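The next block holds one structure in the form of structure tokens; read it before the comments.
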Amino acid sequence: MLTRSFLVRRVAHRSLPVAAVAAGLLASGRVLPAQTRPAQHLPSFEQMYGFKPGTDRKLPSWKQVTDYFTALAKASPRVQLRTLGKTVLGRPFLVAFISDSANLAHLERYRTIQRKLMDPRLRTPRDSREQLIEQGKNVILVTCSIHSTEVGGWSTGLVLADRLARGNDAETRMILQNTIILLVPSQNPDGVDIVGDWYRSTLDTPAEGTSPPELYHHYTGHDNNRDWYAFTQPETRYVVDSLYTPWDPQIVNDIHQQGGNAGRIFIPPYMDPVEPNIDPILTSSTNALGMQMSWSMIQQGFTGVANNASYDMWSPARQYSLVHRGARLLTETASARLATPVNVEFDRLGTGRGYDAREATWNHPAVWAGGKWGYEEIVKYQTAASWALFVHAARDRRAWLESYAALGDRALGDMPPWGRDPWPSAFLIPKTQANPASLQRLIWTLQHGQVEVRESTAPATVGGRTFAAGSYVVLVKQPFGGYAKSLLERQKYPNLFEYPGGPPKRPYDVTAHTLPLLFGVDVATVMGAPPPTGAVLPEVSWPAFTVAGLSGTGVKRIGIYQSYNAPMDEGWTRYVFDTYRIPFTTLHDKDVRAGNLIAKYDAIILPDQNANQIARGLGGPYPDSLKGGLGAPGAAALAAFVEAGGTLLAFNDASEYAIENLELPVRNVLQGVRNTDFYAPGSLVGVQVDRAHPVASLFNAPVPAVWFEDSPAFDVVDPNKVTVVARYAEGSAQLLSGWLLGAQRLSGKAALVDVTKGKGHVVLFGFRPQYRGQSEATYPLIWGAILRGAGAVRP
Ligand SMILES: [Zn+2]
């Protein structure tokens with residue numbers, strides 16, 4: 001992990017006396033014109049590799065990206081390159097700092113200005129709010145292609161860096177003088193090669209342009225941009241520890257791609273709902289900058305620009321910057337088939353959420369006529385949108401810094417001036433908890449997102465309970481108090497429908513992010529006066545997670561099924577097992593189909609995946625060696641494994657595969673139910689757990705809650721063969737956080753069942769027990785199912 005002061009070591013104070021900086025001579029860059037070497041000395045990607053970034057059917061490799069940025073940083077005084085660490089699979093993770101060379105020479109000073117603008121407690125008469133605004137720069141974080149099949153960003157970063165390093169026109173110089181750009185060429189370097197190698201290997205075959213048959217991030221796949229408050233992956237931590245936390249950028253330009261049959265690019269404003277703890281200053285500045293970008297693009301002749309569409313402002317798992325002082329300008333450009341062009345006929349264009357791609361409306365004013373759409377067009381759109389962002393942010397430097405200072409003043413002032421409900425003053429967290437490792441993870445998680453955690457200095461009584469002095473306290477009045485509140489409170493997702501009486505309006509992602517329920521930690525909410533507290537505590541360490549009888553032993557032989565139609569839940573399952581140091585073997589289709597599984601395994605896990613995908617696997621243009629799924633031989637092999645004494649664990653949708661293919665006497669009561677009758681797209685739901693059952697012998701969450709995400713729920717058909725381990729609660733104990741429509745359909749239904757079959761068992765989880773590496777509260781149900789009492793010792 002990087003220290004927060006890593007920048008200090010690398011900054012060279014060479015061209016300007018410190019006194020001049022302190023006297024405010026850096027204002028607006030007037031004193032220091034851009035220093036440039038002749039542009040012909042700069043390397044060009046095309047000279048180095050023989051093709052321009054953004055050429056159809058040409059994807060750069062990560063080594064090419066790395067070598068190009070290294071050469072550029074060596075030649076240009078406007079570019080500093082840093083390696084923040086190694087990815088999960090060992091590739092270098094890069095960031096380029098791009099600005100006027102005079103700004104780059106004093107980066108640490110500008111970081112200090114950011115810090116003092118962000119936190120009014122750090123300001124001094126010498127560094128007053130007004131002086132800091134006068135001197136500071138607009139800091140912009142650019143994150144390219146966290147999603148590796150959204151290949152445009154790999155080349156857009158190259159084009160932007162070249163243009164910023166080379167340009168000597170007035171516009172480029174204004175950008176460089178007024179802004180400091182932190183450009184991350186890819187947030188997932190492993191995926192650049194996983195997708196790129198697959199793409200190059202399939203060129204001129206039927207599979208050209210398809211997704212690779214594996215996750216493009218080793219553990220998370222596409223979920224890698226849903227990791228922003230849990231920080232489970234090193235790539236997330238590099239960006240948070242080295243960029244978000246030291247800099248708290250005013251603006252984040254997050255470059256993505258969407259499907260290919262609607263608008264050509266989405267730019268904020270986002271759709272509703274807005275997470276209630278986001279400061280409205282950031283909502284409106286995001287809206288304003290998004291409209292400025294759209295205005296610039298349309299003026300330049302770009303069409304198909306859509307606003308207020310598809311993407312919402314709910315989950316801090318994606319919208320991290322919006323709860324950390326940064327406007328987030330997500331752009332989503334239309335995709336082709338990776339770098340292979342497609343021809344999109346106008347009549348094939350459809351509706352995006354919030355607009356019709358064939359009609360001119362206020363939020364989609366210039367209709368795209370259809371035609372060729374390739375890598376070239378994707379990179380052009382992404383570059384134009386990013387450049388428009390740079391221009392407007394640089395022009396409005398002062399407004400952005402004033403806004404930024406106001407955010408800091410508000411967070412430390414009296415209760416935020418928005419919303420009707422009174423805010424709590426603090427959250428109290430007792431140090432004695434059923435699961436000490438989960439408590440430690442909760443404190444680490446909060447602190448890692450810049451939340452200040454303290455201890456109480458006197459006993460405090462909340463809701464009739466007394467909390468001892470020395471309990472953890474999170475005050476809401478602190479720089480990131482709103483962020484802490486969003487993670488510690490229960491979400492009330494609004495009831496949104498497509499139209500009155502119509503189906504529910506699908507959230508862009510999930511609807512709950514309540515860490516006390518996910519982690520299984522007891523946390524109390526303090527309304528009224530906060531308890532007296534001491535100083536801010538230093539950051540705790542990431543806990544060493546273990547399960548007695550499983551961690552490090554290899555005593556239980558565990559297989560985890562991995563489909564070539566790679567589901568993210570399989571990656572998260574491996575992540576959790578690796579984190580707990582529990583050995584396992586990955587099973588592919590042929591391994592399962594080969595049979596005699598009982599000779600090699602005690603337990604086999606089917607991670608969350610659609611039943612048809614498990615049964616049929618990949619098809620279409622993929623090579624024969626990857627096709628077919630488990631098929632009939634795989635299903636027979638799993639049935640024989642259980643009959644012979646094995647344990648099969650099926651997570652969430654995979655339960656339906658097990659019910660059908662192993663002919664289990666269990667029924668999914670939600671099968672075929674329409675979303676107008678029942679809907680829960682990622683919520684925390686209360687359950688009653690039979691803690692005497694061997695599967696639940698390690699379960700110890702203070703408020704039993706499971707992660708329900710378009711999940712099944714069970715009725716038992718044959719009680720002689722099926723026991724219920726957990727049942728959904730009723731009434732107010734049912735929906736604990738998020739959104740759930742049609743609650744009565746879930747009341748009293750089974751959430752977790754243990755089915756006896758032959759000498760073995762099938763354990764059906766009607767929820768995601770290891771949701772995105774976060775639901776520590778329900779991991780013990782996995783351990784219990786594998787250990788089945790034998791060796792299951794409470795830690
Ligand atoms: Zn994306």
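The values are calculated or read from the model by the stated rules, or taken from the named source; none is laboratory data. Note that the coordinates shown come from a computational prediction; the quantities given were computed from them, not determined experimentally. Heads up, the Cβs are rebuilt from the backbone with ideal geometry, glycines too, and the neighbour counts pull from every protein chain shown. Side chains included, ligands, DNA and RNA excluded: accessible areas come from the protein's heavy atoms. Shrake-Rupley method; radii C 1.70, N 1.55, O 1.52, S 1.80 Å.
For this structure, a couple of remarks:
- Relative contact order, percent, the chain [alpha-carbon distance under 8 Å, six or more residues apart]: 11
- For the range 446-499, alpha-carbon Rg over 2.2 N^0.38 Å: 1.53
- Apportionment of accessible area to carbon and sulfur, the range 560-630, percent (1.4 Å): 48
- Whether the range 424-538 is rounded, prolate or oblate, judged on the alpha carbon gyration tensor where a/c under 1.5 counts as rounded: prolate
- Base-10 log of normalised Debye intensity for the range 96-179 (one unit scatterer per alpha-carbon) at q = 0.19, 0.20, 0.23, 0.26 Å⁻¹: -0.90, -0.94, -1.07, -1.20
- Mean separation of Cα contacts under 8 Å (6+ apart) over length of the range 177-325, as relative contact order %: 25
- More than 22 angstrom apart: percent of Cα pairs within the range 587-675: 27
- Carbon/sulfur fraction of accessible area - the range 259-351, other protein chains in place, 1.4 Å, %: 51
- Shape summary of the chain, radius of gyration then Dmax from alpha carbon positions: 26.9, 84 Å.
- Order by protection proxy (mean Cβ within 10 Å, highest first), peptides 730-736, 606-612: 606-612, 730-736
- Chymotrypsin sites (Phe, Trp or Tyr not before Pro) restricted to the range 565-602 and DSSP loop, no more than 11 other C-beta within 10 Å: none
- Judged by the ratio a/c of the largest to the smallest principal axis of the C-alpha gyration tensor, the range 660-771 counts as oblate, that ratio being 1.5 or greater while a/b is no larger than b/c.
- Qualifying trypsin sites (Lys or Arg not before Pro) in the range 114-178, where qualification requires a DSSP coil assignment and no more than 12 other C-beta atoms within 10 Å, comprise Arg126.
- Mean shadow area of the range 315-354, taken as a quarter of the surface of its Cα convex hull (nm²): 4.7
- DSSP-defined beta bridges in the chain - what % are antiparallel, rounded to 5: 60
- The alpha carbon radius of gyration of the range 344-493, expressed as a multiple of 2.2 N^0.38 Å, is 1.64.
- Taking a straight Cα-Cα cut-off under 28 Å and skipping sequence neighbours fewer than 8 places away in the same chain, the lysines within cross-link reach of Lys52 are Lys63, Lys74, Lys86, Lys372, Lys380.
- Of Glu359, Glu709, the order by accessible heavy-atom surface (1.4 Å probe, DNA, RNA and ligands excluded), from most exposed downward, is Glu359, Glu709.
- Rg/Rh, computed from the Cα trace of the range 486-616 with Rh as the Kirkwood radius, has the value 1.11.
- Averaging the Cα positions of each part gives two centres, and for the range 544-613 and the range 48-92 these lie 36 Å apart.
- Annotation: Cα Rg of the range 60-118 relative to the compact-globule expectation 2.2 N^0.38 Å equals 1.34.
- Partner aspartates and glutamates for Lys137 [C-alpha distance under 13 Å; skip if fewer than 8 residues away on the same chain]: Asp100, Glu108, Asp248, Asp396, Glu402
- Order by protection proxy (mean Cβ within 10 Å, highest first), peptides 254-265, 54-65, 196-207: 254-265, 54-65, 196-207
- Accessible surface of the range 660-795 [probe 1.4 Å, protein heavy atoms]: carbon and sulfur percent: 47
- Size descriptors for the range 297-380 (Cα atoms only): Rg and Dmax, in that order, 14.6, 42 Å.
- Computed over the range 234-375, the P(r) curve from all C-alpha pair distances, binned at 10 Å from the origin, holds 12, 39, 31, 16, 2 percent per bin.
- Cα gyration tensor category, rounded, prolate or oblate, for the range 355-401 with a/c compared to 1.5: oblate
- Computed 3J(HN,Hα) for the range 59-64, one whole-Hz value per residue from the Karplus formula 6.51 cos²θ - 1.76 cosθ + 1.60 where θ = phi - 60°, is 10, x, 8, 5, 5, 5, glycine and proline marked x.
- Computed helical MRE - 222 nm, the chain, DSSP H runs ≥ 4 contributing -39500 (n - 2.57), nearest 500: -8500 deg cm²/dmol
- Net charge in the neighbourhood of Glu402 (other residues with Cβ under 15 Å of its Cβ; Lys, Arg +1, Asp, Glu -1) is +4.
- Calculated on C-alpha atoms, the gyration radius of the range 595-730 divided by its Kirkwood radius gives an Rg/Rh of 0.99.
- Computed with a 1.4 Å probe over protein heavy atoms only, the accessible surface of the range 552-614 comes to 37 Å² per residue.
- Trypsin sites (Lys or Arg not before Pro) within the range 295-358: DSSP coil, no more than 10 neighbouring Cβ in 10 Å: none
- Accessible solvent surface per residue of the range 296-361, calculated while the other protein chains remain in place, 1.4 angstrom probe, Å²: 32
- A probe of 1.4 angstrom, applied to the heavy atoms of all protein chains, finds Asp677 with accessible area near 60 square angstrom.
- Listed peptides 741-750, 210-219, 511-520, 617-626 by packing density, highest first (mean Cβ within 10 Å): 511-520, 210-219, 741-750, 617-626
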